Structures are given as C-alpha cells and as structure tokens.
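Asker: If you scroll down you'll find the structure; I have some questions about it.
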Amino acid sequence: MKIEALNCPNCGAGALSDYARCNFCETRLKTVACPSCFGLMFIGSQHCSHCGEKVVQAETAKAERSGDCPRCKIALNSLQIQEISLLECLKCGGFWSDSETFENICAERESQANVLGFIGNKHFPKTNIAINYVPCPDCKQLMNRNNFARFSGVILDICKQHGVWFDAEELPKIIEFIRRGGLDHARHKEKIQLQEQRRELADKQRQITLENRRFQQSNLTWSETDSLSIRGFVKLLFD
C-alpha cells in the first residue's frame, strides 16, 4: 500500500498513513479511503486532504418501529446519513433499506459517497453467515435471494414489497460495484440478451409462417401469430 503524508485529525500534526498513533498527541490513527476521490485519510478527519470533501457524520437512534434483525433477532436502530435513512443492526453490522432508499443510493453519487463515508469508519464483525433464507423485518415473510444486477457476485435478501437486507459489508460492495460501472455493464448485457431473444422470436415467427404455407393452413391470421410471438417472449422472461 502506498504510504502518504497526512495530518492527525486531533491535533493536526503531520503523520504518515501507516502510523498507528500520532507522535504528538498519542491519538490512535487508522486510515480509510475517501468516498469521493478514494484517497487515504485518517478516521476522524473532518475533510479529505486530497479533494476537500467533507466527511459525513451519521446519527443513530433507537427506531420507534424498526422490526428485528433477520439474523440476530434483536431490534434494529435507525440510522440517518444526510438524506439517507437506514436501519442498522449493532450486533452483526447489517443494514435494512426500503426500496425507494436503495434506488436513490444506486442512482445518486452523492448518496453513495455519504454512505461509504460512514460505513468506511465501521468495524464489521468477522462471522461466518449461514446461507439461508431470512425473514423480512417488516412482514416477517421469507425473502428472496438474488445476485444484484445478475453478475455482481453480491447476493442480497429482497422483499419485493418492503425492501432489501444487506449483511455486513454487502452495501459498500454494491456501491463499489456501481461506481466501477457495473450497472451500466449490466444494462448493456440485458439489452444484448433482449435483442437476441427478439431475433429468436422473429426466427420462430418466420418458421411458423413457412410451416403454415407448407401445410396450407390459411386460418392463422397475422394478429394470432403476433400474439404467439409476444407470449413466447413473456415465457422467456420467466424461464
């Protein structure tokens, strides 16, 4: 890892990024990456020394109606990071987000930076999480498990009606995937797959037309053939 010259967040004295303590005030030092420019900075710094970005501070509180952590079965705490509202399990480090909030995180770079700035300061427990289906904190029904964007490699627990559960470190992994252009790549792959499906359906439709002519089945109208094509396309979506 590249060693950089930084300033102690407590006294402002110069210190190298690999220092464990400040030589002047003895403050314990630990580096994280700036969520905006990814340069190194000490935890506790108010601004990034590279790009000047302000470090977002989060507010935590006991949620009035939060539900329980699907892993630990304890009450979740509300977490406010600028405009982003999440629920957090203080034991396992998991997060619960409603669908709209997750969409905002995926779409807004500022929200991504704010969330990364907070989560980068947290220490996630190193535990082996069993791969199983867990209940939604809101409706208590078992959630589906899906690979985000199909190829991100991050398997999320999703309740279609209420939101998304992130085990420890999954939310920052999702944000890093998006920032690397993962969603754009996923949309491009999806577009190619849809084009291939349309070509396959057009080929099937032409084959049906040829077979109809061969066997002189004149009672199949164009609208019925078009309907068959659409039904085939819908069926492919659910296969």
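Asker: Which pairs turn up if I take residues in region 12-27 that are among the small types (G, A, S) and look for partners that are surrounded by fewer than 12 Cβ atoms within 10 Å (Cβ to Cβ) with beta carbon separation below 6 Å, at least 6 apart in sequence or on another chain?
Answerer: Qualifying pairs under 6 Å: S17/I3.
Asker: Within region 89-101, take every residue that is of a type outside the set (S, T, Y) and within 10 Å of W165 (Cα to Cα) and give me the one that is surrounded by the fewest Cβ atoms within 10 Å (Cβ to Cβ).
Answerer: The residue in question is D98.
Asker: Another question, then. For I84, state whether it is in contact with a helix residue (DSSP H, G or I) (Cβ under 8 Å, 6 or more places away or on another chain), of a type outside the set (G, A, S) and at pLDDT 75 or above.
Answerer: yes
Asker: Related question: Of the residues S229, S223, which is at pLDDT below 75, farther than 30 Å from K73 by Cβ and either touching a Gly at 6+ places or on another chain (Cβ under 7 Å) or surrounded by 13 or more Cβ atoms within 10 Å (Cβ to Cβ) (or both)?
Answerer: Every option except S229 fails the conditions.
Asker: Here's something else I'd like to know. If a residue has to be among the hydrophobic types (A, V, I, L, M, F, W, C), outside any loop (DSSP other than H, G, I, E, B) and either modelled with pLDDT under 80 or farther than 12 Å from S45 by Cβ (or both) to count, how many in region 7-25 make the cut?
Answerer: Adding up the residues that qualify gives 1.
Asker: Collect the residues in region 127-154 that are exposed (fewer than 13 other Cβ atoms within 10 Å of the Cβ) and in a strand (DSSP E or B), keeping them in residue-number order.
Answerer: Within region 127-154, N144, N147 meet the criteria.
Asker: For the condition modelled with pLDDT of 85 or more and aromatic (F, W, Y), what is the one hit in F124, F95, F118?
Answerer: None of the other options fit; the residue is F95.
Asker: Test C159 against the stated conditions and say whether it is exposed (fewer than 15 other Cβ atoms within 10 Å of the Cβ), in the same structural domain as E103 (by TED's automatic domain parsing), of a type outside the set (D, E) and at pLDDT 90 or above.
Answerer: Here the answer is no, as C159 does not meet what is asked.
Asker: Taking the condition among the small types (G, A, S), free of Cβ contacts under 8 Å to residues at least 60 places away in the same chain and assigned by TED's automatic domain parsing to the domain that holds S78, does A130 pass?
Answerer: yes
The values are calculated or read from the model by the stated rules, or taken from the named source; none is laboratory data. These figures come from a predicted structure and were not determined experimentally. When we count neighbours, we look across all protein chains shown, and the Cβ atoms used for this are built from the backbone with ideal geometry, even at glycine.
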